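In what follows, a single structure is set out as C-alpha cells and then discussed.
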Amino acid sequence: MQFFRMQSPPYSSDSQDLSINGNLEYVYRFPGVSCNACKATYGGSRILTLEAPPQIRTDQRFRSRWPITEREHAAMQREVAAYLDADFAAFETFKPGDNFQPAYYDSPSLPHTDFLWPNIRSFVVSARMKRIVFDELAGDVDIVPISPRKVGKRPGNALPAALDPDDPQNRIHGPAAIEPYYQILVRSESDYPKGGSPVSVCPVCKHETIDDEKRELVMREDMWRGQPIFLLRTTLYVIVTEALAEKIQRAGASNVDFVPV
C-alpha cells in the first residue's frame, strides 16, 4: 500500500512563503517542563481544540514557554482542568507546550489557496476543501476556525523585495477581508516507526526517550492503523493514503504537495 507525506510545495523565498501562507499564532499555552524525575527539559507544540479559559487570559504564566518544575506544571494543569470542569490526569489530559485556541491569523496578503501552511503543527484549509474532503474525516482530525487578525489586501503570491507603505494594497486590514479558513488538527497516529519505540518513559511527566539514531522515518504498511490521514508517530509528518491523496488532487486543491514515504 502506498502512503504519501502531505506538505507545502517548495517556495522561491521566505517572503513568498509568508505571502502565500501567513502566520498562525497561539497566544495562550502551557509552559515547558523541567522534570526532576527523569531530568528531561522539553515542551511540545500540540494544539488543543479548547478555547483558553477566561481565567488564564490575563495570567502571564500561560504566555510563556519557559520550563517550570513538574510539580508546578501539574498544579497548573489541575487549575485549568478545574476552570473547564474537566476530568484530569497529570501529564495526560494536558502536556507541556500545549496551545489553546484561538489561533490568530496574520498575513501581508489575502489568502487565496485551498491549503495554507502557517505553522509546523497544523495546516489550514479553505471552506471548499473542508466541505469536499475534511468534513468526512471526523475522529481522525479536528476542525477549528481560525481567527483572522491582520490581513493585507495584496494577492497572496511572491512579494516584492520592499513594500511601499503608502501603497493602499500594502496596508493591513482586519478580519472582514478574508473568507473562512479552518485549522485541520490531525489526531490519529501510526504505530512507532522502526527503531522509534521509546527507550524509556518517565513515570511522572510521561516523557518518552527515543534513540534518534536508530529511528527510521519511513512509513510501512504494518505501522498503519487504518486511518486515511494520520501523523507518522514521533514526528509532525502528515501522512495520507493514496486514495485520500487522489481525492484531494481530483478536487483541484492548490498549495499542497504529496511525497511518497
Residue identified as assigned to a helix (DSSP H, G or I) and in contact (Cβ under 8 Å) with a residue 40 or more places away in the chain among 18, 24, 50: 18
Those residues of region 236-253 that are open to solvent by 20 Å² or more (accessible area, probe 1.4 Å) and among the polar types (S, T, N, Q) come to a total of 1
When the residues of region 19-40 are narrowed to those that are among the charged types (D, E, K, R) and surrounded by fewer than 19 Cβ atoms within 10 Å (Cβ to Cβ), which ends up farthest from residue 125 (Cα to Cα)? 39
What is the number of the single condition among (1) of a type in the set (Val, Ile, Thr); (2) open to solvent by 30 Å² or more (accessible area, probe 1.4 Å); (3) in a helix (DSSP H, G or I) that residue 80 does not meet? (2)
Quick check: anything in region 178-190 more than 19 Å from residue 137 (Cα to Cα), among the aliphatic types (A, V, I, L, M) and open to solvent by 40 Å² or more (accessible area, probe 1.4 Å)? no
Can you name every residue in region 114-129 that is crowded, with 20+ Cβ neighbours inside 10 Å and at pLDDT 95 or above? 114, 115, 116, 117, 118, 123, 124, 125, 126, 129
Give the residue that is farthest from residue 242 (Cα to Cα), with candidates limited to residues of region 97-106 that are open to solvent by less than 10 Å² (accessible area, probe 1.4 Å) and in a loop (DSSP other than H, G, I, E, B). 97
Failed item, numbered, when residue 87 is tested on (1) more than 19 Å from residue 25 (Cα to Cα); (2) within 21 Å of the chain's Cα centre (by Cα): (2)
Looking only at region 121-156, which residues are aliphatic (A, V, I, L, M) and either touching a Cys at 6+ places or on another chain (Cβ under 6 Å) or closer than 22 Å to residue 228 by Cβ (or both)? 124, 125, 127, 129, 132, 133, 137, 138, 141, 143, 144
Give all pairs with beta carbons closer than 8 Å in which a residue from region 54-76 that is more than 20 Å from residue 204 (Cα to Cα) and open to solvent by 70 Å² or more (accessible area, probe 1.4 Å) meets a residue that is among the basic types (Lys, Arg) and at pLDDT 95 or above; count only pairs at least 6 apart in sequence or on separate chains. 63/29
Which number in (1) buried (at least 16 other Cβ atoms within 10 Å of the Cβ); (2) closer than 30 Å to residue 224 by Cα; (3) modelled with pLDDT under 95 marks the one condition that residue 109 misses? (2)
So for region 58-78 (the condition being within 30 Å of residue 224 (Cα to Cα), modelled with pLDDT of 95 or more and aliphatic (A, V, I, L, M)), does at least one residue qualify? no
Would you please name the residue that is nearest to residue 46 (Cα to Cα), looking only at residues in region 130-146 that are in a strand (DSSP E or B) and open to solvent by 40 Å² or more (accessible area, probe 1.4 Å)? 142
How many residues does region 206-224 contain that are assigned to a loop (DSSP other than H, G, I, E, B), surrounded by 11 or more Cβ atoms within 10 Å (Cβ to Cβ) and out of contact with any Lys or Arg (no Cβ under 9 Å at 6 or more places or on another chain)? 5
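The values are calculated or read from the model by the stated rules, or taken from the named source; none is laboratory data. Since this is a predicted model, take the numbers as computed values, not measurements. Note that each Cβ is placed from the backbone with ideal geometry, even for glycine, and that neighbours are counted across all protein chains shown. All accessible areas refer to the heavy atoms of the entire protein, side chains included, with ligands and DNA or RNA removed. Shrake-Rupley method; radii C 1.70, N 1.55, O 1.52, S 1.80 Å.
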